[in-house]
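The numbers here are math on the coordinates, done by the rules we state, and not lab data. What you are looking at is a predicted structure, and each value in this text was computed from that prediction instead of being measured. For neighbour counting, all protein chains shown are included, and Cβ atoms are generated from backbone atoms with ideal geometry for every residue, glycine included.
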Amino acid sequence: MPGAVGIFRAYDIRGIYPEELGPELALRIGLAYGSIASGRGVRGIYLGRDARLSGPALAAAFSAGAMASGLEVVDVGLVHTPLIYWLTAREGGRGMEGVMVTASHNPPEYNGLKVSHGGMAYSYGDLYGEVERALAGGGPAPLPWDRAGGRSQEDRLGEYLEDLLGRAPRPERGLRAVVDSSNGSCWFARDAMLRAGISAMALNSEPDGRFPRHPPDPLREEAYSDVSEAVRREGADFGVVFDGDCDRVGFVDESGRPIGGDAAAMILARDVLSRRPGSKVVLNVMMSGAVVDYVRSLGGTPIMVRVGHSFIQEAMAAEGAAFAAEISGHLYFSDHYGFDDALYAALRFAAAISREGEPLSRIVASLPRYHSSPEQRVPCPDDLKFRVVEELRRRYEAEGLRVIPIDGVRVEVEDGWWIIRASNTEPAIVMRAEARDEGALARISSRMRSDLEDALRSLGTAGR
């Protein structure tokens, strides 16, 4: 199908607008999804969109297709992804699913579609693969006009915030925070923090799908420039950076220094385990071994799974876990429906550090730390990235190395590990390394990069 190659990903549909994903294709996807959903007993959807400039056009087109399949559409407007999850968690029993028009942290030219049910995101195997196959076969025909669904509008933000604030523990001491919404869809974050008892200052809170100040991605160093400067200037206790649709979050300490996903996960895991001793904690394979060991030292049980919120949520539900974390800033709490809500995570983080009685920088310094590289992304075409990873797996196994193939290839050696995996959201290969000392990290990182470069050359992908 022209324009659709590579847009059906592990847990959403995502591509460049309009070349890869435009209104015409969105309408056809809406009709195909609606036909499949209707056959599963779904009667309607909650439809939201983030701040991207292409959002209104894609939302209108998808809505038209869904209505042509017989579904009712409830448009909740410009919202963050967690609100859609929240609606389906609360009202999924009424036969309602959720569709969010978003490309999360991707650059402005991207947009996408993310479908959820019962507070959980669908994956390729659950839904998107069936939609892709339906479109490849020509797609379903629309229903007669008298059987089409209707469309209505609702504002559910106030109800969501009441529930959110009722679930989040309040800080045990006064805190000052700077909150950077990245010109995304969590424009109400400061008000929520004020209502939670946190003195908060807002940055980049006006929704603007061009993301003019910085990339809406807490994994990017430049995303912290505004919040770091403001935290130092205002004498705040910590800072927060949300991604474009507010399902990921990053934090900075009182000096404006980003603390990283590993430290945030340990701080939150400690707080959760103090409230629910002996709980299970789900972590993805990119997470530092220091986090795994720390959870065990606190009496928790770490459970490792592959990267992606669909896989995290499935593991949380199956294991009855209290908390889950990804290095990318997705954070999940079972006492808030088990989905990744970055605003709720920020409130939980504030409550956690308020119990410590010392600056965040000292809290982070007290945590165990192994030497690790940041997550690195190397461009690689979607149609080749999985072949590259499979080639590396074959080579490592032939060499007799210990390979954990949960998600890509994670190779464990005596003094560390490295992982190379295909991104589920971008045409890229992701890699990270960790070791017990700096010398070992340098050696492991060098091999990791060399192995990837060699595999890229051997498959003819270098320079593409």
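The table below lists the values:
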read-out: Fraction in percent of alpha-carbon pairs per bin - 5 Å, segment 1-133; value: 2, 12, 23, 27, 23, 10, 2, 0
read-out: Antiparallel DSSP beta bridges within segment 159-365, percent to nearest 5; value: 35
read-out: Given the chain, longest segment not containing exposed loop GluC sites (Glu not before Pro) (DSSP; at most 13 other Cβ within 10 Å); value: 155-413
read-out: In Hz, Karplus ³J(HN,Hα) per residue of segment 328-340 (6.51, -1.76, 1.60; θ = phi - 60°; x = Gly, Pro); value: 6, x, 6, 10, 10, 10, 5, 7, 10, 6, x, 10, 8
read-out: Cα centroid separation, segment 4-67 to segment 165-243 (Å); value: 30
read-out: Cα-based Kirkwood hydrodynamic radius, the chain, one decimal, Å; value: 22.7
read-out: In sequence order, calculated HN-Hα J values of segment 310-318 (Karplus, 6.51, -1.76, 1.60; Hz; x Gly/Pro); value: 4, 6, 4, 5, 4, 5, 4, 5, 5
read-out: In Hz, Karplus ³J(HN,Hα) per residue of segment 295-303 (6.51, -1.76, 1.60; θ = phi - 60°; x = Gly, Pro); value: 4, 4, 5, 8, x, x, 10, x, 10
read-out: Cα-based Rg / Dmax (Å) for segment 159-365; value: 15.7, 45
read-out: Least to most buried among C186, C380 (fewest other Cβ within 10 Å first); value: C380, C186
read-out: Antiparallel %, DSSP beta bridges [both residues in segment 13-155], to 5; value: 40
read-out: Interchain or long-range residues, amide H under 5 Å from H105's placed H; value: G244
read-out: Placed amide H near F238: partners under 5 Å, 5+ positions off or other chain; value: R176, V178
read-out: Relative exposure of H80, H117, H105, judged by other C-beta atoms within 10 Å (fewest first); value: H117, H105, H80
read-out: Orphan Cys of the chain, criterion: no other Cys C-beta under 4.7 Å; value: C380
read-out: Alpha-carbon centroid distance for the pair segment 406-434 / segment 271-299, whole angstrom; value: 21
read-out: 5 angstrom amide H check on N284, placed H, neighbours 5+ away; value: V305, A325, I327
